[in-house]
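Coordinate-derived values only; no laboratory data. Everything quoted here is computed from the prediction, not taken from an experiment. Every residue, glycine among them, receives a Cβ derived from its backbone with ideal geometry; neighbour counts consider all protein chains shown.
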Amino acid sequence: MKLKAIIIPLGLGTPTGTVTFSVAGGPTVTAPVVSGTATATVDDLSVGTHPITAVYSGDASFTSSTGTTVQVVIQAATRTTVTSSPDPSAYGQPVTITAKVTPRVPGEGTPTGIVTFVISGGPTLTAPLVNGTATVTVALLSVGPHPITAIYGGDANFLPSLGTDQHTVKSKALSTTTVISAPDPSVPGEQVTFTATVAPVPPGVGTATGTVTFTFGDGSAPVTVALVGGVATVNHTYADAVGSPYTVVAGYSGSADLKPSIGTDTHTVVAAATTTQVTSSPDPSVVGEPVTFTATVAPVAPGAGTPTGTVTFTFGDGSAPETVALIGGVATATHAYATSSGSPFTVTATYSGGVSFAASSGSDTQTVTVAATSTQVTSSPDPSVVGEPVVFTATVAPVAPGAGSPTGTVTFTFGDGSPAETVALIGGVATATHAYATSSGSPFTVTAVYSGDSDFAGSSGSDTQTVTVAATSTQVTSSPDPSVVGEPVVFTATVAPVVPGAGSPTGTVTF
């Protein structure tokens with residue numbers, strides 16, 4: 001604002017000197033008098049009434065004088081202009097909105113106060129004016145046009161005003177999808193957590209929404225999961241390692257503001273460790289008894305599932321190994337021990353392993369004891385006659401569940417006081433031949449005692465043998481024959497057993 005004081009002389013001449021302007025609520029300014037006039041400029045007077053006093057200093061020719069006036073200051077009108085940058089922007093890209101407030105002529109000065117930004121389809125924000133400018137930053141505006149109104153609230157010296165602009169968010173922002181898995185590698189049956197993270201591609205910012213569909217590369221059904229905070233997680237278990245490493249694909253569906261994207265990862269599944277346990281039944285067993293050996297193969301945690309393949313059993317007795325297929329994780333083999341020599345035997349089951357499950361082995365001990373036996377005795381012929389050879393047969397057999405062919409010897413006693421006879425077993429059978437010299441004491445008890453061996457326990461059996469008298473024939477001869485009257489003739493009677501009888505008959509012959 002300009003102040004002017006005109007010095008009017010009450011005589012002739014032109015006053016010189018100075019004029020001091022005193023502005024109530026403002027500054028005091030002194031200005032020289034030039035051609036009878038003094039001027040000064042005063043800025044930043046507040047709104048209101050300001051009395052002004054101008055005091056002329058006087059000079060050598062003119063006396064001092066004073067003049068007054070009143071200056072009324074009202075609020076200046078303002079203009080608010082709004083701009084946004086960058087414009088247009090990509091979805092999620094931060095946008096800076098600037099409002100500049102200036103006085104309208106003739107107003108001057110720098111407005112202060114608050115600007116309120118009203119963003120259609122977005123937030124309402126406020127910012128203070130700094131040197132006449134207010135700025136805010138906003139992101140996550142949806143795709144499309146967004147009218148912006150900046151409302152300046154005014155201050156003590158400047159009137160409110162508003163300005164408008166329109167900001168455009170371009171088509172959907174690009175997105176990226178990344179996939180990770182843990183643990184990696186895993187084993188069959190182990191739970192694996194897959195995490196997909198979806199983010200806008202710069203300059204886009206914000207948090208992705210929508211869904212992610214996971215495919216696991218093993219032929220299992222896809223799984224769709226909602227994004228939470230831009231992240232989707234899913235758990236999956238691989239049944240085997242066939243086809244490992246698997247390609248895992250996470251497909252982001254996109255949203256109103258983000259374009260779809262796909263992320264991939266490879267997940268490695270390695271063979272799970274296993275344990276092999278061996279049991280047997282019955283234990284202990286006897287020689288020749290069938291024993292069932294069971295091998296159970298199971299994954300070691302965190303592995304899970306049912307191993308397949310084969311198990312090879314070795315029985316510890318030098319017999320040939322036996323390879324059996326696993327069914328439901330179990331393999332069984334039946335084996336009979338031919339001997340107890342070497343008992344207890346170490347039985348080993350070796351799992352072959354495969355792509356999904358690692359090989360392992362387990363062992364057990366099997367105790368084999370001697371088998372009980374039975375000894376049966378038969379004779380032929382029965383009955384027999386005195387002197388007739390009788391064949392006695394002893395058959396030694398294992399008592400079930402034992403099996404095999406006992407070896408060793410059998411000792412026969414015939415019940416007639418004759419010496420015992422020991423005979424070797426051949427194929428489980430021993431035979432002895434004996435002829436009874438008399439029938440006295442018949443029937444005779446015949447006993448066969450089996451000695452036993454390292455694998456079969458001893459046993460005995462008995463039978464009765466009936467001996468009857470043997471038939472005889474009597475032959476008569478004479479000498480001399482012919483004879484003459486009165487000549488002594490010797491008659492001889494010869495008594496002999498009829499076959500199969502044998503021996504020497506006793507007794508008398510009556511001629």
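FRET efficiency for the Ser478 to Thr409 pair, using the beta carbon distance and R₀ = 56 Å, is estimated at 0.55. Among the listed values (i) 71; (ii) 26; (iii) 55, the one matching percent of Cα pairs over 38 Å apart as calculated from this structure is (i).
Karplus-derived 3J(HN,Hα) values for region 290-298, using 6.51 cos²θ - 1.76 cosθ + 1.60 with θ = phi - 60°, are x, 10, 9, 9, 10, 10, 10, 9, 9 Hz; glycine and proline are entered as x.
Using the Cβ-Cβ distance between Ala239 and Ser171 with R0 set to 60 Å, the FRET efficiency works out to roughly 0.90. In whole angstrom, how far apart do the alpha carbon centroids of region 269-290 and region 453-511 sit? One Cα centre to the other: 69 Å. Give the separation of the Cα centroids, region 338-366 to region 296-317, in Å. Value for the Cα centre distance between the two parts: 10 Å. Distance between the C-alpha centres of region 1-43 and region 192-210: 73 Å, rounded to the whole angstrom. For the residue pair Ile6 and Thr193, what label-to-label distance in nm results when each label sits 7 Å from Cα along the Cα-to-beta-carbon direction? Placing both labels 7 Å beyond Cα along the Cβ direction yields 9.0 nm. For the chain, the dipole from Cβ point charges (+1 on Lys and Arg, -1 on Asp and Glu) about the Cα centre works out to 4060 debye, to the nearest 20. Modelled spin labels at Thr178 and Thr69, positioned 7 Å past Cα toward Cβ, are 7.3 nm from each other.
Sparsely packed loop sites in region 117-199 (the chymotrypsin sites (Phe, Trp or Tyr not before Pro) outside DSSP H, G, I, E and B with at most 11 other Cβ atoms within 10 Å) do not occur.
What FRET efficiency comes out for the pair Asp44/Thr207, r = Cβ-Cβ distance, R0 = 56 Å, nearest 0.05? Walk me through the intermediate numbers first.
Numbers: r = 48 Å, r/R0 = 0.86.
The value I calculate is 0.70.
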